[in-house]
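What follows is one structure encoded as structure tokens, with my remarks underneath.
The values are calculated or read from the model by the stated rules, or taken from the named source; none is laboratory data. None of these values were measured; they are calculated from a predicted model. Methodologically, a virtual Cβ is constructed for each residue, glycine included, from the backbone with ideal geometry; neighbour enumeration extends over all protein chains shown.
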Amino acid sequence: MVQSERMIDIAGVHKTFVADHGTVTALEPLSITIKEGEFIAIVGPSGCGKSTLLRLISGLDQSSGGTITLDTAGRKRPVGFVFQEPVLLPWKTTLENVRFPLDTANVSRLEADRKALDLIKMVGLAGFENALPRQLSGGMRQRTAIARSLSDDPQILLMDEPFSAVDLLTRDTLNDELLRIWQSTGKTILLVTHSVEEAAYLADRVMVMTARPGKLKCVHDVTLARPRGEETKLDPAYHALVAQLRRDLRTPGGERS
Amino acid sequence: MVKRLIAWIDYSLALVALLVAWWFATGPMAMPTYLLPSPLRTWNALAGIAVTGELWLHLGFTLQNIILGLVLGSVAGIALAYVMTRFQKLAVWLDGPLVILQTAPKIALAPLFVVWFGFGVLSKVILIFSLVFFPVFIGACAGFRALDPKMKDLAKLLGLGNLQRFRQIELPAAMPEIFVGLKIGAVQALVGAVLAEWMSGKLGLGYLMTYAGATYKTPLLFAAVLLTTFLGQLMHVALSILENRLLYWKGVKK
């Protein structure tokens, strides 16, 4: 994987909210540079500002200071976003949901259908093109959401605890599929998760964040060989990293949730 | 399929039973016609005005007013609800006046509408409008307010324009609640239409009733009453079809 260009440049970004009893610091000044094609996992307890960071990068929220520079050449939609819940439109079929970003960008139906069908195949939902969200399982809905986030081909994919609502077995499968998708598309991915195992298994680098106030505690390089699979989970280095991440989260300031 | 067939048979049997009871009361029990006309006499009265074309004139007028009132009332109810959820300030200002208007019995305003808007179509449509508006408005408010905030995030991420967001996300998401209001509004619309025709004008099923009542043409009165029942059924079926088309995704099919 060639990792040269700076895809996301975050410099001193912070965020404070005004609440009833004064201001709350959601995120203390944070700086990091993320390269193109890099897979970053962000772990931390609730309230550590990891979701806030994603919302700031996506432009859903405005930071209170600092700069975020995306190397996406002025695209209208630089990032794809996968929420914790699938957030599908319940009146649209799988195909229509995946096609939705294209339909609303006036892409021709023919091309939109082609792209959407490719993505549906890629996330393993072939045969469910005309199913409504309520007819799909939780894992299938989340796959649909992933396909939708990729449909207008963003260079950056932001994922906010995307697999926390699905069962563990499905989660393992989805993790492997995510790796496969990442390898075949070369996207830059930022994945927020509660699971240190998931973070160690997937990422090139793991950002550890602590809560109240939310801040970046440290960043770990993950040197485990690619491609990763079941044997990775037997690697002592993997277990060492998982244990290290757990310790990082347990030390004061890193309250468990 | 079999279930539907059984439902139809049940429905038909109930109607037949009702018809037999009606016939029994007028035939063997010999109820006088001015109290309860026989099914045959009622049918003849109906056929009589159908042949002269009078029936279609009255039915058409009532139906037209109901449709106009329903469409305009729904559009206005949805529009105001949407504007109010988008602009919270407006909601604060309008809340008081709206509660007063909403709780005012619209039927009691009917004579006022006649004074203000005349004996013609306008006063009737306005009465129906006022009856349809509030249930749809309240339903739409609930629907727009219940929108998942994540949907707003989605719209923002995709950079949707106001119109796109309304048509693609907000309106369809609020449709179940809007429909609850619309169904109540439709029943009210029929009541309003008949009532408005009782009070003024020389057209419509409501007028036909007052005319038949005043001239002791009980069979004709019965025919008119049955027609309004039929009209109510028709609207119910039409709305159910529309609901199944628009809300199939909820899996509401009964």
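Residues that are hydrophobic (A, V, I, L, M, F, W, C) and touching a Gly at 6+ places or on another chain (Cβ under 9 Å): which helices (runs of 4 or more DSSP H) entirely in region A:139-257 hold 3 or more of them? If you could, list the steps in order and put the result at the bottom.
Values: elements: A:168-185, A:196-202, A:236-250.
Here the list reads A:168-185.
Have a look at A:F163, A:F100 and point out the one that is facing chain B (nearest Cβ under 10 Å) and closer than 19 Å to B:K150 by Cβ. Spell out the reasoning first.
Details: A:F163 fails: facing chain B (nearest Cβ under 10 Å).
After ruling out the rest, the residue left standing is A:F100.
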- Message: Quick check on this structure: which one of B:F179, B:F144 is farther than 30 Å from B:H58 by Cβ and either in contact with a helix residue (DSSP H, G or I) (Cβ under 7 Å, 6 or more places away or on another chain) or surrounded by 24 or more Cβ atoms within 10 Å (Cβ to Cβ) (or both)?
- Response: B:F144
- Of the residues that sit in region A:218-227 and are over 23 Å from A:P29 (Cα atoms) and more than 18 Å from the chain's Cα centre (by Cα), which one is surrounded by the most Cβ atoms within 10 Å (Cβ to Cβ)? A:L224
- Collect the residues in region B:190-220 that are closer than 14 Å to B:T62 by Cα, buried (at least 17 other Cβ atoms within 10 Å of the Cβ) and of a type in the set (D, E, K, R), keeping them in residue-number order. B:E197
- Only one residue in B:L13, B:L90, B:L57 is surrounded by fewer than 17 Cβ atoms within 10 Å (Cβ to Cβ) and either outside the structural domain of B:Y207 (by TED's automatic domain parsing) or among the polar types (S, T, N, Q) (or both). Which one? B:L13
- Can you name the residue in region A:65-83 that is in contact with a Ser or Thr (Cβ under 6 Å, 6 or more places away or on another chain) and at pLDDT 90 or above and is also farthest from the other protein chains (Cβ to nearest Cβ) among such residues? A:V82
- Of the residues in region A:33-64, those that are surrounded by fewer than 16 Cβ atoms within 10 Å (Cβ to Cβ), at pLDDT 90 or above and away from chain B (no Cβ under 14 Å) come to A:T33
- Query: Looking at B:K156, B:K124, which is the one that is of a type outside the set (A, V, I, L, M, F, W, C) and closer than 20 Å to B:L190 by Cβ?
  - Reply: B:K124
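Filter region B:178-211 down to residues that are in contact (Cβ under 8 Å) with a residue 24 or more places away in the chain, assigned to a helix (DSSP H, G or I) and away from chain A (no Cβ under 14 Å), then give me how many there are. Talk me through it step by step, then tell me what you get.
Here is the first cut: in region B:178-211, the residues in contact (Cβ under 8 Å) with a residue 24 or more places away in the chain are B:178-197, B:199-201, B:203-208.
From what is left, the residues that are assigned to a helix (DSSP H, G or I) are B:178-197, B:199, B:205-208.
With away from chain A (no Cβ under 14 Å) added as a condition, the list becomes B:180-197, B:199, B:205-208.
Of the residues in region B:178-211, 23 are in contact (Cβ under 8 Å) with a residue 24 or more places away in the chain, assigned to a helix (DSSP H, G or I) and away from chain A (no Cβ under 14 Å).
Give the residues of region B:127-151 that are within 14 Å of chain A (Cβ to nearest Cβ) and touching a residue at least 12 places away in the same chain (Cβ under 8 Å), sorted by residue number.
At the first step, the residues of region B:127-151 found to be within 14 Å of chain A (Cβ to nearest Cβ) are B:143, B:146-151.
Of everything in region B:127-151, those that are within 14 Å of chain A (Cβ to nearest Cβ) and touching a residue at least 12 places away in the same chain (Cβ under 8 Å) turn out to be B:G143, B:A146, B:L147, B:D148, B:M151.
Starting from residues that are in a loop (DSSP other than H, G, I, E, B) and without any contact (Cβ under 8 Å) to a residue 24 or more places away in the chain, keep the ones in region A:108-136 and report whichever is nearest to the other protein chains (Cβ to nearest Cβ).
Of the residues in region A:108-136, the ones in a loop (DSSP other than H, G, I, E, B) are A:108, A:123-132, A:136.
Add one more test, that the residue is without any contact (Cβ under 8 Å) to a residue 24 or more places away in the chain, and what stays is A:108, A:126-127.
Values: A:S108: 17, A:A126: 22, A:G127: 19 Å.
Applying the filter and picking the extreme gives A:S108.
Quick check on region A:193-217: of everything there that is β-branched (V, I, T) and over 19 Å from A:P29 (Cβ atoms), which residue is surrounded by the fewest Cβ atoms within 10 Å (Cβ to Cβ)? Write out each step before concluding.
Initial filter on region A:193-217 (β-branched (V, I, T)): A:193, A:196, A:206, A:208, A:210.
Then keep just the ones that are over 19 Å from A:P29 (Cβ atoms); that gives A:193, A:196, A:206.
On the way: A:T193: 23, A:V196: 21, A:V206: 26.
Result: A:V196.
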- Query: In region A:97-128, what count of residues is obtained for those that are under 19 Å from A:I181 (Cα atoms) and of a type in the set (D, E, K, R)?
  - Reply: 5
- Residues of region B:156-167 being free of Cβ contacts under 8 Å to residues at least 60 places away in the same chain, surrounded by fewer than 20 Cβ atoms within 10 Å (Cβ to Cβ) and assigned to a helix (DSSP H, G or I), in sequence order, are B:K156, B:N162, B:L163, B:Q164, B:R165, B:R167
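Conditions tested, residue by residue: (1) in contact (Cβ under 8 Å) with a residue 40 or more places away in the chain; (2) touching a Phe, Trp or Tyr at 6+ places or on another chain (Cβ under 8 Å).
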| residue | (1), (2) |
| --- | --- |
| A:F39 | yes, yes |
| A:I42 | yes, no |
| A:P45 | yes, no |
| A:C48 | yes, no |
| A:K76 | no, no |
| A:P86 | yes, no |
| A:W91 | yes, yes |
- Query: When you scan region A:49-103, how many residues do you find that are over 29 Å from A:L27 (Cβ atoms), in a helix (DSSP H, G or I) and among the aliphatic types (A, V, I, L, M)?
  - Reply: 3
- Message: Residues to consider are B:T52, B:T85, B:T103; find the one that is out of contact with any His (no Cβ under 8 Å at 6 or more places or on another chain), crowded, with 16+ Cβ neighbours inside 10 Å and either outside the structural domain of B:L147 (by TED's automatic domain parsing) or on the phi < 0 side of the Ramachandran plot (or both).
- Response: B:T85
